[in-house]
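**Q** Below you'll find the structure I mean.
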Amino acid sequence: MKTNSYIFPLAIIFLLAGFTPKLTAQNYPFELPKLPYAYNALEPAVDAQTMEIHHSKHHAGYVKNLNAAVKENNYEKYSLDELMLYAGEFDNAIRNNAGGHYNHSLFWRILSLNNPFNAGSEVGKAVNVTFGSLDSLKKLLNKAGATRFGSGWAWLYVTTDLKLAVSSSPNQDNPIMDVSPERGVPILCIDVWEHAYYLKYQNKRGDYLAALIDAVNWEAVDNNYREALISPLLRTVAKETWKELITFHGVMSQTFHPSEEGNLKPIRERSGEFLAKAKALQTEKMPAALDDPEIKKAIGDLIKGAAILNQLVIKKADDKTLIHNLDELHDVFHTIQGLCRH
Ligand code: MN3
């Protein structure tokens, strides 16, 4: 199981910006959130009976099954974020029920008949820049939901490059999960399981989608958007999907860990490659979500240190000197992403 360390100053920015993470940082035991409105509040788009069954039976079931699966596997120490981020490393009961709990919690919060689209809001501006218009986005969401075979979700999410994108997922998967081909932090979702619409719409998923997309709470989506842009969760997804970082991590662990055992052969053979892969962190495109001065400075330190290490290897420095330098570089690497598993 991987651990991840969030960048501390981000937490400060988070607090200063007045955002409280509503869906992140949830811990065991997980709880069914109260609906922020009455069961009939979304009529006629969604009928009261569907809402009641969906919330009090289906969502409650995911929460109950999630808590049971977590307890059974002794996963109590993992947050909901971690259960989703590394869903592929857990069994399907965790993946399905953690997703079921997260997805429905988001779903309830982004629905309302009283908070229409505002082109002047932050998300409104981003929608117009990215998709051209709200209508174009609606078409994309409708298509994503309509073409998802079987059960699943349609998503509007923030990518690791801080852009908006639309996708769909099967079952209870979502873009936070490592099993998802499209990664990011969701800000709007549409449930396309039959239990979300069958009582009122029967087989007419398209009619349900059209009504649902017109019942989006854009004020909530705007809050989600602004929160997602600076969220530790998005930075974690960015770290986990940054190819150059994953490549460097591989070279680091294959050289550093043997050196801890006194084996300097790997770093003596690969110090040039070590330097080249460190440089790739600077020259290749860094995810915008990670583009901050602290990380850039740490990458600069890593490259400088890797160049010195490479020179020491060329000059056939003794083992002790190499171990010391590699050890320091390993620390710098940890400040960049905190991914390395021991
Ligand atoms: Mn559902």
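**Q** Can you tell me which of (1) at pLDDT 95 or above; (2) surrounded by 15 or more Cβ atoms within 10 Å (Cβ to Cβ) is the one ILE7 doesn't meet?
**A** Exception for ILE7: condition (1).
**Q** Which of the residues belonging to the stretch 195-208 are on the phi < 0 side of the Ramachandran plot and surrounded by fewer than 23 Cβ atoms within 10 Å (Cβ to Cβ)?
**A** HIS195, TYR198, LEU199, LYS200, TYR201, ASN203, LYS204, ARG205, GLY206, ASP207
**Q** Also, quick follow-up: Sort out which residues of the stretch 275-302 are among the aliphatic types (A, V, I, L, M) and in a helix (DSSP H, G or I), and write them in order of number.
**A** Those that are among the aliphatic types (A, V, I, L, M) and in a helix (DSSP H, G or I): LEU275, ALA276, ALA278, ALA280, LEU281, ALA288, ALA289, LEU290, ILE295, ALA298, ILE299, LEU302.
**Q** Could you check the stretch 49-62 and list, in sequence order, the residues that are away from the ligand (no atom under 12 Å from the Cβ) and surrounded by 15 or more Cβ atoms within 10 Å (Cβ to Cβ)?
**A** Listed by number, the list is empty, since nothing qualifies.
**Q** I would also like to ask the following. Mind checking which residues of the stretch 130-142 are under 29 Å from TRP242 (Cα atoms) and not in a loop (DSSP other than H, G, I, E, B)?
**A** THR130, PHE131, LEU137, LEU140, LEU141
**Q** Exactly one condition in (1) surrounded by 22 or more Cβ atoms within 10 Å (Cβ to Cβ); (2) farther than 19 Å from THR236 by Cβ; (3) in contact (Cβ under 8 Å) with a residue 60 or more places away in the chain is not met by VAL192; state its number.
**A** Among (1) surrounded by 22 or more Cβ atoms within 10 Å (Cβ to Cβ); (2) farther than 19 Å from THR236 by Cβ; (3) in contact (Cβ under 8 Å) with a residue 60 or more places away in the chain, VAL192 violates only (3).
**Q** So, one more: Given the structure, is ARG95 more than 12 Å from the ligand (Cβ to nearest atom), under 19 Å from the mean Cα position of the chain (by Cα) and within 18 Å of TYR197 (Cα to Cα)?
**A** No.
**Q** Right, here's the next one. Please determine, by comparing only the residues of the stretch 251-261 that are surrounded by fewer than 19 Cβ atoms within 10 Å (Cβ to Cβ) and in contact with a Lys or Arg (Cβ under 8 Å, 6 or more places away or on another chain), which one is farthest from MET177 (Cα to Cα).
**A** Looking at residues that are surrounded by fewer than 19 Cβ atoms within 10 Å (Cβ to Cβ) and in contact with a Lys or Arg (Cβ under 8 Å, 6 or more places away or on another chain), I get PRO258.
**Q** Tell me which strands (runs of 3 or more DSSP E) are completely within the stretch 148-255 and hold 3 or more residues being farther than 20 Å from GLY88 by Cβ, more than 16 Å from the ligand (Cβ to nearest atom) and touching a helix residue (DSSP H, G or I) at 6+ places or on another chain (Cβ under 9 Å), or say none if there are none.
**A** 164-170
**Q** Do we have any residue at all in the stretch 299-319 that's surrounded by fewer than 17 Cβ atoms within 10 Å (Cβ to Cβ) and in contact (Cβ under 8 Å) with a residue 60 or more places away in the chain?
**A** The answer is no, given that none of the residues of the stretch 299-319 is surrounded by fewer than 17 Cβ atoms within 10 Å (Cβ to Cβ) and in contact (Cβ under 8 Å) with a residue 60 or more places away in the chain.
**Q** What pairs can you find where one residue is in the stretch 136-150 and among the charged types (D, E, K, R), the other is not in a helix (DSSP H, G or I), and their Cβ atoms are less than 8 Å apart, with a gap of 6+ or different chains?
**A** From residues that are among the charged types (D, E, K, R), the pairs are ARG148/ALA154; ARG148/SER168; ARG148/SER169; ARG148/PRO170; ARG148/VAL192.
**Q** Any chance you could count how many residues in the stretch 63-78 are within 16 Å of the ligand (Cβ to nearest atom) and on the phi > 0 side of the Ramachandran plot?
**A** Qualifying residue count for the region: 0.
**Q** Which of the residues that make up the stretch 99-118 are away from the ligand (no atom under 14 Å from the Cβ) and in contact with a Phe, Trp or Tyr (Cβ under 8 Å, 6 or more places away or on another chain)?
**A** If the condition is that a residue be away from the ligand (no atom under 14 Å from the Cβ) and in contact with a Phe, Trp or Tyr (Cβ under 8 Å, 6 or more places away or on another chain), then SER112, ASN115, PRO116, PHE117, ASN118 are the ones that fit.
The values are calculated or read from the model by the stated rules, or taken from the named source; none is laboratory data. Being a predicted model, the structure only gives us computed values, none of them experimental. In this analysis, Cβ positions are derived from the backbone assuming ideal geometry, glycine residues included, and neighbour counts consider all displayed protein chains.
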